[in-house]
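For reference, the structure discussed in these notes is given below.
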Amino acid sequence: MSNVDKDWIEMIEGERGQVRDQDLYPKLSRWAGSRAFENILDIGCGQGICSMKINLDQGLYTGIDSSELLIKRAKELYESPNTKFMVADALDLPFEDASFEAVFSISLIHLIEDVEEVMNEISRVLKPKGRFFLVTAAPGSYEAWEDSYKEKSLEGKCLIGKRLTFDGSEVEDTLYLHEGEEIHSAIEDAGLEIEDIEAFRNFIAIRGKKH
């Protein structure tokens, strides 16, 4: 297992991940519980913990991630009759058009260079009037994000730097510093409508629907 994957699992499942219980997971739970979604897609699901933070009594959850190791962990911990996990690319989702009533993505957009492409894929797999919930790094807080890296370099909007993991080892991270207008335009150009944007910590939560 790579140091990046091990650190992610430790962060989400360990004490550092408890901060999510105070704000992120309640926001996700309220959004998912606002309607009785029959099927919901989690893009960049990591080790699948978000499947446990939403009510799936009447619906089906599909989580995708590019990491085989994290998907393996997700299956070990959270696979059930209502959940399915698979390795897939966020920019080339293996689903037919209009497959899901709801799509959400947590902490993924700032890791992807092409915002337009991921928004187009979200729009493509959403049914008409389908809902979306996106959490990404807040454009106004990039300084705080940069401060968490060392030996960093900035090429355009691409920030590359090293950070310490829970066991003291170093890993290299890439963060894309997307401007707010860039994110908004990508969402709207994909045929999606922003209904609400909420800031918390160094993140923003964007809620909306497909036209």
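None of the figures in this text is laboratory data; all of them are computed from the coordinates on show. As the structure is a prediction and not an experimental result, all values here were calculated from the model. Glycine gets a Cβ as well: all are built from the backbone with ideal geometry, and neighbour counts include every protein chain shown.
Here the Karplus relation 6.51 cos²θ - 1.76 cosθ + 1.60, evaluated at θ = phi - 60°, turns the backbone of the stretch 29-37 into coupling constants of 4, 5, 4, 5, x, 6, 9, 8, 5 Hz, with x for every Gly and Pro. Think of the chain as having a plus end and a minus end, set by charges on the Cβ of Lys, Arg, Asp and Glu; of S105, I49, G168, I49 sits farthest toward the positive end of this dipole. How big is the dipole moment of the stretch 161-211 about its Cα centre under a simple scheme where the beta carbon of each Lys and Arg is +1, that of each Asp and Glu is -1, and everything else is neutral? Debye, nearest 20, please. Taking the Cα centre of the stretch 161-211 as origin, the dipole is about 200 debye.
Order these by the 10 Å Cβ neighbour count, fewest first: H211, H178.
Details: H211 13, H178 19.
Ranked by crowding around the Cβ, least crowded first: H211, H178.
Averaging the sequence gap over all C-alpha pairs within less than 8 Å and six or more residues apart, then dividing by the number of residues, gives the chain a relative contact order of 18 percent. Scalar couplings 3J(HN,Hα) for the stretch 169-185, obtained by applying the Karplus form with A = 6.51, B = -1.76, C = 1.60 to θ = phi - 60°, are 7, 9, 10, 9, 10, 10, 10, 9, 8, 6, 6, x, 5, 4, 5, 4, 5 Hz; x denotes Gly and Pro. Note on L77, L126, L24: ascending count of other Cβ atoms within 10 Å places them as L77, L24, L126, the fewest first. Projected label points at D114 and L154, each 7 Å from Cα along the beta carbon direction, are separated by 2.6 nanometres.
Taking the number of other C-beta atoms within 10 Å as the exposure measure, put T62, T174 in order starting with the fewest. Please report the intermediate quantities before stating the final value.
Working: T62 22, T174 13.
Ranked by crowding around the Cβ, least crowded first: T174, T62.
A simple charge model with +1 on the Cβ of Lys and Arg, -1 on the Cβ of Asp and Glu and nothing else charged puts the dipole of the chain at about 820 debye relative to its Cα centre. Per-residue ellipticity at 222 nm computed for the chain from its helices equals -8500 deg cm²/dmol, with DSSP H segments shorter than 4 residues left out and the rest contributing -39,500 (n - 2.57). Among the listed pairs K27/K129; K75/K150; K53/K152; K72/K127, those with a Cα-Cα distance over 23 Å are K75/K150; K53/K152; K72/K127.
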